[in-house]
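One structure is given below, encoded as structure tokens.
The values are calculated or read from the model by the stated rules, or taken from the named source; none is laboratory data. None of these values were measured; they are calculated from a predicted model. Neighbour counts are summed over all protein chains in view; Cβ atoms, including those assigned to glycine, are modelled from backbone coordinates with ideal geometry. To get the accessible areas, we keep the full protein, side chains included, count just its heavy atoms, and leave off ligands, DNA and RNA. Shrake-Rupley method; radii C 1.70, N 1.55, O 1.52, S 1.80 Å.
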Number of protein chains: 2
Amino acid sequence: MNIADQVYSAADSATQDRAQTIRDQLRDAIVDRRLAPGTKLSEGEVGTLFDVSRTVARAALQMLSFEGLVRTERNRGAFVANPSPEEARQVFASRRLIEPGIAIAACGRVTAADIVAFKAQLDEEGRFIAERGPHARRSEIKASGDFHLLLASVAGNAILQRFMEELVARSSLVIALYGRSGASACGHSEHTGIVGALESRDSGLASRLMLHHIDHIEADLDLRVRAGPALREALNF
Amino acid sequence: MNIADQVYSAADSATQDRAQTIRDQLRDAIVDRRLAPGTKLSEGEVGTLFDVSRTVARAALQMLSFEGLVRTERNRGAFVANPSPEEARQVFASRRLIEPGIAIAACGRVTAADIVAFKAQLDEEGRFIAERGPHARRSEIKASGDFHLLLASVAGNAILQRFMEELVARSSLVIALYGRSGASACGHSEHTGIVGALESRDSGLASRLMLHHIDHIEADLDLRVRAGPALREALNF
DNA sequence: TGCACAAAAATCGTATGCAATCTTTTTTGC
DNA sequence: GCAAAAAAGATTGCATACGATTTTTGTGCA
């Protein structure tokens with residue numbers, strides 16, 4: 001980490017809420033699957049873990065519940081979300097609606113510096129795919145999500161960017177839950193194709209490629225209900 | 001208020017958070033323009049007003065800040081959002097992306113009972129347009145937003161529905177801020193047309209009508225910066 | 001009068017305490 | 001031995017308290 005990063009994160013944690021930094025760390029843990037769906041996140045535990053009071057921990061959990069990554073039940077507490085197949089479909093239906101439009105917008109605003117950033121992102125994805133093991137696989141899911149977030153930031157609409165942050169985070173959960181392990185690496189070449197479309201400012205192509213890409217991600221999921229869904233829910237599993 | 005309503009709201013306030021009901025009331029007040037943009041919402045004041053502690057008031061304000069209706073500054077407090085013209089454009093760009101898709105989805109799921117609800121909604125809109133005065137105008141903006149929320153609920157995607165709730169609320173703020181008063185009533189006939197397209201399950205028509213409708217709403221805004229924008233921001237006005 | 005500076009008031013950020021609710025364990029009756 | 005009831009323990013919901021920060025007020029000096 002260089003000096004600039006140190007200053008930035010120092011200023012960050014000092015200026016903005018501690019709750020927000022806790023939220024970010026918890027979100028990373030959920031998206032990385034270090035916290036399994038259904039895991040209880042008690043206020044006290046989170047508080048002692050991050051060395052803050054329950055008040056702050058509670059605020060962080062409230063934020064995550066707004067994002068749909070955590071489900072809170074009154075008088076019972078907060079749990080890592082366990083999206084149902086139906087929820088998973090809604091997540092991808094939302095992405096199909098939003099992301100092709102984001103790709104078009106990004107085509108109209110992308111700069112040379114952005115392209116450089118995209119290429120760096122693609123390189124990082126490639127590294128994680130080359131590696132093996134569960135840690136690399138988690139990093140791969142994360143990096144794949146970051147690609148979509150980078151695109152959203154280039155599109156220049158702060159509102160859509162926030163929606164995408166939520167959708168990508170929830171997608172990561174869904175992929176971790178329902179993903180068929182073998183087929184995950186195929187997204188990389190599609191990302192490369194989208195960057196190519198961006199580079200040539202071909203918004204129609206970028207939009208089409210993005211739509212296909214989302215379809216492929218969803219097709220790689222196994223959204224059939226495994227056991228009886230009522231039972232699964234009853235067991236909170 | 002009839003018995004059913006009493007029971008409903010009693011169960012509501014008992015079952016779910018008090019913070020949530022405070023948020024809803026504040027949101028209504030903001031959307032109705034009873035709380036002007038820039039108004040300070042101090043935790044203590046909100047708390048005493050609703051007869052709860054600062055803890056609960058703070059949670060409600062945090063929710064509103066997630067929705068973009070309230071802007072919070074550390075150690076300074078919460079203020080009713082004052083969206084810039086650029087933010088206003090982003091709100092409508094987002095709606096252009098999402099709502100035509102919602103209209104298509106709604107076409108595929110709309111029931112006879114939904115159509116009845118839409119007709120009732122249109123009637124209510126018509127009543128408020130016929131009335132005059134500032135109160136009727138506020139109700140008219142609210143009712144117009146409710147039409148879009150009804151459509152989102154028919155579309156059957158909970159995630160998109162929540163996005164739309166946020167977008168409609170922010171739109172109401174934007175319209176209140178930048179709307180040209182004379183031209184607001186024109187949306188009603190377009191709503192009627194959209195319901196007609198729904199009734200005949202013509203998803204292409206519904207989608208096109210929706211897109212035009214959003215364009216018309218945005219065209220009725222005056223998004224030119226009035227004074228120097230830096231000055232306006234500096235004055236927090 | 002205008003400005004700089006200090007004291008006071010208001011407000012926020014956070015920790016902590018207590019009552020209410022839920023969960024688990026123990027006890028009791030059959 | 002097992003089911004139901006009761007008690008103990010844990011956890012949340014909420015109010016309140018206190019230090020930190022910001023805003024306002026008041027005062028002296030040019």
task: Can you work out which of the residues in the range B:36-64 that are more than 13 Å from B:Ala19 (Cβ to Cβ) and hydroxyl-bearing (Ser, Thr, Tyr) is nearest to the other protein chains (Cβ to nearest Cβ)?
output: B:Ser42
task: Keeping to the range A:134-193, report how many residues are within 14 Å of chain B (Cβ to nearest Cβ) and open to solvent by 20 Å² or more (accessible area, probe 1.4 Å).
output: 7
- prompt: In the range B:70-104, which residues are more than 16 Å from DNA strand C (Cβ to nearest atom), aliphatic (A, V, I, L, M) and open to solvent by less than 40 Å² (accessible area, probe 1.4 Å)?
  reply: B:Ala88, B:Val91, B:Ala93, B:Ile98, B:Ile102, B:Ala103
field: Residues (open to solvent by 40 Å² or more (accessible area, probe 1.4 Å), in a helix (DSSP H, G or I), closer than 15 Å to B:Val80 by Cβ and within 9 Å of DNA strand C (Cβ to nearest atom)) located in the range B:29-61
entry: B:Glu43, B:Glu45
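Somewhere in the range A:103-119, is a residue within 16 Å of the chain's Cα centre (by Cα) and within 21 Å of B:Met164 (Cβ to Cβ)? Spell out how you get there, then give the answer.
Our first condition is that a residue be within 16 Å of the chain's Cα centre (by Cα); within the range A:103-119, this holds for none.
Checking the range A:103-119: not a single residue is within 16 Å of the chain's Cα centre (by Cα) and within 21 Å of B:Met164 (Cβ to Cβ).
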query: Regarding A:Phe118, is this residue among the aromatic types (Phe, Trp, Tyr) and surrounded by fewer than 21 Cβ atoms within 10 Å (Cβ to Cβ)?
result: no
Candidate set from the range B:17-28 (those that are open to solvent by 30 Å² or more (accessible area, probe 1.4 Å) and outside any loop (DSSP other than H, G, I, E, B)); member that is nearest to B:His135 (Cα to Cα): B:Asp28
query: Across the range A:65-102, what is the number of residues that are away from chain B (no Cβ under 11 Å), within 30 Å of B:Ile98 (Cβ to Cβ), in contact with a Leu (Cβ under 9 Å, 6 or more places away or on another chain) and outside any loop (DSSP other than H, G, I, E, B)?
result: 5
message: Tell me yes or no: at least one residue of the range A:109-121 is in contact with a Gly (Cβ under 9 Å, 6 or more places away or on another chain) and modelled with pLDDT of 90 or more.
response: yes
query: Just one of the numbered conditions (1) among the acidic types (Asp, Glu); (2) modelled with pLDDT under 90; (3) away from DNA strand C (no atom under 13 Å from the Cβ) is not true of A:Asp17; which one?
result: (3)
query: Can you spot a residue in the range B:105-117 that is within 27 Å of B:Gly68 (Cβ to Cβ) and within 14 Å of chain A (Cβ to nearest Cβ)?
result: yes
